[in-house]
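Below you'll find the structure, written out as structure tokens, and then a few comments.
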Amino acid sequence: MHDFKFKKGELYCEDVKVASVAKKVGTPFYLYSHNTLVDHFTKIQKAFQEINPIICFAMKANDNLAVLKSLANCGSGFDIVSVGELKKARKAGADTKKIVFASVGKTEEEIREAIKANILFFNVESLPELEE
């Protein structure tokens, strides 16, 4: 399902005219369809339901709080690269048991914070990182 459609020559997002949003907030701007986001996430869940994976959204792709909240409400996990992203994921309502910390050169403080938050696991990017 895609909720961006033309009706009588005007572009709509769900049932809202994109032009009216532009007039209200100015341009340029980003406009997301909650319905489309949820629909696509649900399709991914269903496609892999037999193996029951934890589907993690990479926050570096888009850290918009409304997007993150929508995904968290669907049961999404999150791929983070910093304590700042950990805090934002928690603010969005993420289940910390579905958070993966995957960055190069994690500091001891970042590791401590993530352990305190009870995240799922860390991705180790290299043997030297593991040995440090």
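The values are calculated or read from the model by the stated rules, or taken from the named source; none is laboratory data. None of these values were measured; they are calculated from a predicted model. A quick note on method: Cβ atoms are made from the backbone with ideal geometry, for glycine too, and the neighbour counts reach across all protein chains shown.
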How do the pairs read when you match residues in the stretch 103-132 that are free of Cβ contacts under 8 Å to residues at least 60 places away in the same chain with residues anywhere that are exposed (fewer than 10 other Cβ atoms within 10 Å of the Cβ) and part of a helix (DSSP H, G or I), using Cβ under 6 Å and keeping only pairs 6 or more apart or on different chains?
Val124/Leu130
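From the list Lys17, Lys7, which one is surrounded by 11 or more Cβ atoms within 10 Å (Cβ to Cβ), in contact with a strand residue (DSSP E or B) (Cβ under 9 Å, 6 or more places away or on another chain), farther than 24 Å from Gly75 by Cα and not polar (S, T, N, Q)? Steps first, answer last, please.
Details: Lys7 fails: surrounded by 11 or more Cβ atoms within 10 Å (Cβ to Cβ).
After ruling out the rest, the residue left standing is Lys17.
Looking at Val21, Val81, can you tell me which residue is more than 24 Å from Phe4 (Cα to Cα) and modelled with pLDDT of 95 or more? Don't jump to the end; show me each part of the working.
On the way: Val21 fails: more than 24 Å from Phe4 (Cα to Cα).
Unique residue meeting the criteria: Val81.
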Take the residues in the stretch 117-132 that are over 21 Å from the mean Cα position of the chain (by Cα) and exposed (fewer than 12 other Cβ atoms within 10 Å of the Cβ), then tell me which one is nearest to Phe57 (Cα to Cα).
Ser126
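From Ala102, Ala66, which residue is of a type in the set (A, V, I, L, M) and modelled with pLDDT under 95? Spell out the reasoning first.
Numbers: Ala66 fails: modelled with pLDDT under 95.
Residue meeting the stated conditions: Ala102.
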